[in-house]
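For reference, the structure discussed in these notes is given below.
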Amino acid sequence: MVARVTTTTAALELIGVLRDKYGDLMFHQSGGCCDGSSPMCYPRGEFQVGDQDLLLGQIGGQPFYIWAAQYEAWKHTQLIIDVVDGRGGMFSLEGPLGRRFLTRSRLFDERERAELGLPEPQGPVFSCVSDGAN
């Protein structure tokens with residue numbers, strides 16, 4: 001099955017560093033607010049997932065949640081979690097390391113949409129590189 005969320009090698013390496021330091025982790029992709037739309041990394045259980053959050057998949061063996069409204073905007077895309085230099089979200093664990101998680105995306109192709117049960121996109125389809133600047 002095609003993954004709805006995946007990572008780059010750099011992101012997997014940073015997840016490993018953070019897991020060694022903090023234990024099990026969790027990720028949340030919101031649609032804005034304090035830290036823009038950057039994917040946020042927390043110690044598992046430190047962020048309360050609500051009924052408007054969906055489990056999108058796992059990255060580096062860690063759960064990745066997305067706000068339901070954000071999922072609706074991005075459901076035709078595969079999220080690719082990457083890492084870049086710089087200070088990201090003030091609440092995310094990677095911040096003090098001078099690195100930050102970044103969401104990139106690509107549109108699912110016709111075969112992948114069929115496998116995921118997604119209809120043909122109607123109207124504008126959003127793909128992104130989220131740098132937290134919203």
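Please treat every number below as a calculation from the coordinates, not as lab data. As the structure is a computational prediction, the values presented were derived from the model and not from experiment. Cβ atoms come from the backbone with ideal geometry, glycine included; neighbour counts cover every protein chain shown.
Placing R0 at 25 angstrom, the Cβ-Cβ distance between V49 and L12 gives a FRET efficiency of 0.65 after rounding to 0.05. Computed over the alpha-carbon atoms, the chain gives an Rg to Rh ratio of 0.95, Rh here being the Kirkwood radius from the mean inverse distance. Provide the net charge surrounding A69, with neighbours chosen by a C-beta distance below 15 Å and charges set as Lys +1, Arg +1, Asp -1, Glu -1. The answer is -2. Based on DSSP H segments of at least four residues, each scored -39500 (n - 2.57), the chain has a per-residue ellipticity at 222 nm of -6000 deg cm²/dmol.
Quick one: net charge around R99, please, counting Lys, Arg +1 and Asp, Glu -1 for every other residue with C-beta under 11 Å from its C-beta.
-2
Over the Cα atoms of region 69-111, the radius of gyration divided by the Kirkwood radius equals 1.12; this is the Rg/Rh ratio. Amide hydrogen proximity for I59: with H placed 1.01 Å from N in the peptide plane, the residues at 5 or more positions away or on another chain lying under 5 Å are F64. Between the helical axis of 9-22 and the dominant principal axis of the chain, each derived from Cα atoms, what acute angle in degrees is found, rounded to the nearest 10? Between helix and principal axis, roughly 40 degrees. Extending 7 Å from Cα along the Cβ direction at A73 and again at D85 yields two label points whose distance is 2.9 nm.
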